Amino acid sequence: MKIVESKLKGCLILEPQIHIDERGMFFEVFRKKELEFFLGYNIDFVQENTSISKKGVLRGLHFQRGDSAQAKLVSVQRGEVVDVIVDIRPDSASFGQHIKVNLSEANKKCIFIPKGMAHGFLALSNEVVFNYLCDGYYNPKLESGIYYNDSDLAIDWGYPLSELIVSEKDLLLPTFKKFMQ
């Protein structure tokens, strides 16, 4: 497995070694010891979530606040997405910056998202099965987010905005500036 640190400190892209033969395919999604060695700290995933989305669905930008902040390992089991992570750690050198990574059933990449990052994705295929491993339990009282089309973040989703399917809840999320106040 190849682990690459993105420009957002602690946000890692995991690229598995894929083995294909006449029986099918095998790959490791992640190795706990290897991930922890790279991170320099222990990680214990306690909750696994799956979302299923159709083409054009945009989910995000979401995160948990305070003691409920979650590190996540995300991947796509079926389909393809553009995955976006925004660094919302005020003391970080990459504060306010974002990365975009295509995750798909074909490339088998995963992203480790540390605590203090907002996360969202856009479904590019007709159906997407998206998987999240989380190191903390979901707390609805501490869920939060930032508006996906915030002009200060300037995220190019690479998709016609008029064709996006966004929940009413996500349309009401605050801008980055309002969130930081």
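Note down all Cβ pairs under 7 Å where the first residue falls in the stretch 5-28 and is more than 20 Å from K72 (Cβ to Cβ) and part of a strand (DSSP E or B), the second is among the aromatic types (F, W, Y) and at pLDDT below 95, and they're at least six residues apart or on different chains.
H19/F26; H19/F27
If K115 satisfies every condition in (1) closer than 24 Å to L172 by Cα; (2) more than 13 Å from the chain's Cα centre (by Cα); (3) not in a strand (DSSP E or B); (4) not acidic (D, E) but one, which is the exception?
(2)
Select from the stretch 1-41 the residues that are aromatic (F, W, Y) and under 19 Å from the mean Cα position of the chain (by Cα) and write down the one among them that is surrounded by the most Cβ atoms within 10 Å (Cβ to Cβ).
F30
Filter the stretch 125-181 down to residues that are within 18 Å of the chain's Cα centre (by Cα) and surrounded by fewer than 11 Cβ atoms within 10 Å (Cβ to Cβ) and give me whichever is farthest from N102 (Cα to Cα).
Here the residue is Y137.
For the stretch 42-63, name all the residues that are farther than 25 Å from E127 by Cβ and surrounded by fewer than 11 Cβ atoms within 10 Å (Cβ to Cβ).
Listed by number, the residues that qualify are N42, D44, V46.
So the check is Cβ under 6 Å with 6+ separation or different chains; which pairs have a first residue in the stretch 133-160 that's closer than 28 Å to L35 by Cβ and a second one that's assigned to a loop (DSSP other than H, G, I, E, B) and β-branched (V, I, T)?
Going by the 6 Å Cβ cut-off, the qualifying pairs are D135/I43.
For residues that are closer than 16 Å to W157 by Cα and not aliphatic (A, V, I, L, M), scanning just the stretch 105-124, find the one that is surrounded by the fewest Cβ atoms within 10 Å (Cβ to Cβ).
In this case the residue turns out to be H119.
In the stretch 58-84, how many are among the aliphatic types (A, V, I, L, M) and over 27 Å from M25 (Cβ atoms)?
Within the stretch 58-84, residues that are among the aliphatic types (A, V, I, L, M) and over 27 Å from M25 (Cβ atoms) number 5.
Could you run through the stretch 138-168 and say how many residues are out of contact with any strand residue (DSSP E or B) (no Cβ under 8 Å at 6 or more places or on another chain) and assigned to a helix (DSSP H, G or I)?
Number satisfying all stated conditions: 6.
Only one of these is surrounded by 14 or more Cβ atoms within 10 Å (Cβ to Cβ) and closer than 30 Å to I20 by Cα: G79, G96. Name it.
G79
The values are calculated or read from the model by the stated rules, or taken from the named source; none is laboratory data. Remember, predicted model here, so these are calculated numbers, not experimental data. Virtual Cβ from ideal backbone geometry, glycine too; neighbours counted across all protein chains shown.
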